[in-house]
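Structure first, commentary second.
The values are calculated or read from the model by the stated rules, or taken from the named source; none is laboratory data. These figures come from a predicted structure and were not determined experimentally. Note that we place each Cβ from the backbone using ideal geometry, even for glycine, and neighbour counts take in every protein chain shown. The protein model used for the area step is the full one, side chains on, heavy atoms only, and it has no ligands, DNA or RNA in it. Shrake-Rupley method; radii C 1.70, N 1.55, O 1.52, S 1.80 Å.
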Amino acid sequence: MFLASPSVLKRNGVLGMNKRNIDYIGRYNPRKYYKRVDDKLTTKQLALANNIAVPDLIGTVSEQHGIADIPAMVNDTDGFVIKPSKGSGGKGILVVTKVEHGRYYKPNGQEVTPSEVYRHVSNVLSGLFSLGGKPDVAIVEGLIQFDPVFDGYSYEGVPDIRLIIFKGFPIMGMLRLSTAASDGKANLHQGAVGVGIDIATGKGLHAVQFDQPVDYHPDTQKKLISIAVPQWDTLLHTASMAYEMSELGYLGTDMVLDKNKGPLLLELNARPGLAIQIANGRGILPNLRHVENMGNHNMTVEERVAYAKIHFSANS
């Protein structure tokens, strides 16, 4: 569907990068609010102020001399995540799933030495992974406890749920599943699997890896579209609430399911990618235009979610 001429793509309602940048990001996302989503620490603080659950914050490191404090920060944890506050595209994220006698282990069982942790955080602070290469802050977060409902659907990593929110309406969703190729990260460009999810039901519709259709997870052989995301309504409500929180009209929300805490907001994106259309096997433009044609509205979060489930379902 997507390896086609511009006229065919347009006819199928596929949103391209230029149109996204001009008609949606440029028009609906005031630049003065970008810091709310580009800085993950700011996003976390905003979310907590709006009663939106987020992963636990263990601590932050903003200066090179502060790296020496990390062992004490994480000593009593089962695992932790270190990420750049202003990173993008999943770059610069270090996941440690086991802490034992002061030693750290990645999801694949490989040990991460203290010097490797030091070097990684030093690179974060220098801006190696941040937007524009500017000096950054390292965030140390608690490890997300993998929800067993996803057993076999993801390889050495926690699946995340991307929802596109337009003017407060959840209009398209995707589950991102890590693979051996993506090194346990839910990043489509690195080889993670994307599964389009029906807005109405939370059930799988269509799956892709490297932009090609797939039926089974490449590492676990689990049938991908048989998945049904639990607590789907809560995920839709949380994502929809991010509209008021960020004051950005065209937004990507990334969430995870923790087996103990339920849905958690990971981050927001003011420039969400277009691959969600490939994962769903259809274009997003009809849904965007539907919302635009509604004009201004005063719907509550609950009303927006209910409306989206009727009008943006795969069967609508």
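Per residue of the chain, the DSSP helices (runs of n ≥ 4 H) give a summed -39500 (n - 2.57) that works out to -7000 deg cm²/dmol at 222 nm. All Cα-Cα distances of the chain, cut into 20 Å bins from zero to the largest, leave 33, 59, 9, 0 percent in each bin in turn. Its relative contact order, with pairs defined as Cα atoms under 8 Å and 6+ residues apart, puts the chain at 20 percent.
The residue among ILE22, VAL214, GLY191 whose Cα reaches farthest toward the positive pole of the charge dipole of the chain, with charges on the beta-carbon of Lys, Arg, Asp and Glu, is ILE22.
Solvent-accessible surface of the chain, taken per residue with a 1.4 Å probe and all protein chains present: 45 Å². Here the Karplus relation 6.51 cos²θ - 1.76 cosθ + 1.60, evaluated at θ = phi - 60°, turns the backbone of the range 181-196 into coupling constants of 5, 8, 6, x, 9, 7, 10, 4, 5, 8, x, 5, 8, x, 10, x Hz, with x for every Gly and Pro. Here the Kirkwood formula, the inverse mean of 1/r across different C-alpha pairs, assigns the range 61-173 a hydrodynamic radius of 15.5 Å. Here the chain has 50 percent of its accessible surface on carbon and sulfur atoms, given a 1.4 Å probe and all protein chains in place.
Note on the range 199-316: dipole from Cβ charges, positive end direction compared against ASN269, LEU288, PHE312; the farthest Cα belongs to PHE312. Cross-link partners of LYS223 among lysines, defined as those whose alpha carbon lies under 30 angstrom from its own and excluding same-chain residues fewer than eight positions apart: LYS91, LYS98, LYS106, LYS185, LYS203, LYS259, LYS261, LYS309.
Annotation note: trypsin sites (Lys or Arg not before Pro) in the range 12-115 located in DSSP loop regions with a Cβ neighbour count of at most 16 within 10 Å are LYS91.
By the equivalent-ellipsoid construction on the alpha carbon gyration tensor, the range 92-244 comes out with semi-axes of 29, 20, 15 Å, ordered largest to smallest.
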